[in-house]
């Protein structure tokens, strides 16, 4: 049954006012407790705007993460429908490098400046505007506005939804900043930690210890050989960097030139292409490193620094891809940055990434959204609602 909305229900404010309010609400997510914020105020604000429009709102606590919430707002009913999804959090910021207050929307040179303008709070305002004047009775399939927690740090908001099997729909658009160009695939990201433990001793006699740094030197060679193997085996010309990458990011070991190094730790990242399985990649790494550690008598730890984001791909001939290509006039692309798309796919949705703003402005001082992107974004989302919810 369609939700009945009173005639005097207060409708959401104009787009600029919505963005102003959302930007003013700090919702930074970070592995550092000094930076991390709750996103509850953002989720509650969105729910307060959507309820008078007839949306049924469900605010879900993210398990094991106090103060973190997902919002599922549904207009209409049925087994199919369209999800318009975004994350409510932002990255930390360096206020010394900003020319304006990050939490105050500032208009200058036909741009809106503020933390989260393009990545990606403004997308919620655009989605709400696109849904304005709809009612549940109008829709043949439901429209769902989804707002998630902690995309910028752990992606645990999207993981929790996938584990709960909720929400269900047929199509999903994630409004990350892509300059309104549809994105149907992206690489994954893995961040890994490798530790070798040996035995310290006086450097004048190597037999007194077991050098973990020398073991790591050999491990680096094996990792680079694996990288070369993967880059020969896997290629995808849709990506600017067509092969999987591995970056040896940081290494720490030893404490003095005249002591045998007892411990060495390496952190590295791996960005797999669609079709590469992260569990299999970790097993391949273990298969190269475990025998090395055993042959040298070293204790080894190998574990992910976080759970990682799988690579993502939606077929080029998928209905959602073709609809977005038609509405935008751009062919679907591939990007290197990761999104929540793999978890919406796990929910059974045909998924695509597309939103206003450029990824070049994301995570930058003086983040901005060009005003020229606003109305086209509304028009494109209205086109998707007509196609997938109204059946026109």
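The values are calculated or read from the model by the stated rules, or taken from the named source; none is laboratory data. Remember, predicted model here, so these are calculated numbers, not experimental data. Because the Cβ atoms are built from the backbone with ideal geometry, glycine has one as well, and the counts that use them run over all protein chains shown.
Among the residues of region 115-128, is any surrounded by fewer than 18 Cβ atoms within 10 Å (Cβ to Cβ), modelled with pLDDT of 95 or more and not in a strand (DSSP E or B)? If you could, list the steps in order and put the result at the bottom.
Initial filter on region 115-128 (surrounded by fewer than 18 Cβ atoms within 10 Å (Cβ to Cβ)): none.
The answer is no; no qualifying residue exists.
Within region 160-180, the residues that satisfy the criterion of being crowded, with 20+ Cβ neighbours inside 10 Å and over 10 Å from the mean Cα position of the chain (by Cα) are 160, 161, 167, 169, 171, 172, 173, 175, 177, 178, 180. Quick one: which of 247, 210, 258, 156 is at pLDDT 95 or above, surrounded by fewer than 16 Cβ atoms within 10 Å (Cβ to Cβ) and either touching a helix residue (DSSP H, G or I) at 6+ places or on another chain (Cβ under 8 Å) or under 25 Å from residue 92 (Cβ atoms) (or both)? 247 is the lone residue from the list that is at pLDDT 95 or above, surrounded by fewer than 16 Cβ atoms within 10 Å (Cβ to Cβ) and either touching a helix residue (DSSP H, G or I) at 6+ places or on another chain (Cβ under 8 Å) or under 25 Å from residue 92 (Cβ atoms) (or both).
Find the residue count for region 45-71, including only residues that are part of a helix (DSSP H, G or I) and within 17 Å of residue 90 (Cβ to Cβ). Step through it out loud before you land on a result.
The initial filter retains those residues of region 45-71 that are part of a helix (DSSP H, G or I), namely 45-53.
Next, only the ones that are within 17 Å of residue 90 (Cβ to Cβ) stay: 45-46.
So the count comes out to 2.
Just to be sure before I move on: is residue 320 buried (at least 19 other Cβ atoms within 10 Å of the Cβ), part of a helix (DSSP H, G or I) and out of contact with any strand residue (DSSP E or B) (no Cβ under 6 Å at 6 or more places or on another chain) in the structure I sent? In short, no.
With the requirement that a residue be in contact (Cβ under 8 Å) with a residue 60 or more places away in the chain and either closer than 13 Å to residue 266 by Cα or assigned to a helix (DSSP H, G or I) (or both), what does region 226-244 give you?
The answer is 226, and nothing else.
Filtering region 369-385 to residues that are over 16 Å from residue 182 (Cβ atoms) and surrounded by fewer than 17 Cβ atoms within 10 Å (Cβ to Cβ) leaves 371, 372, 375.
Residues that are touching a strand residue (DSSP E or B) at 6+ places or on another chain (Cβ under 8 Å) and more than 14 Å from residue 130 (Cα to Cα) within region 369-384 comprise 369, 370, 371, listed in sequence order. Considering only residues in region 294-308 that are surrounded by 13 or more Cβ atoms within 10 Å (Cβ to Cβ) and in a loop (DSSP other than H, G, I, E, B), the one that is farthest from the chain's Cα centre (by Cα) turns out to be 298.
Residue-wise test of (1) closer than 26 Å to residue 159 by Cα; (2) surrounded by 21 or more Cβ atoms within 10 Å (Cβ to Cβ); (3) touching a strand residue (DSSP E or B) at 6+ places or on another chain (Cβ under 6 Å).
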site	(1), (2), (3)
351	yes, yes, yes
355	yes, yes, no
358	yes, no, no
367	no, yes, no
387	no, no, no
392	no, no, no
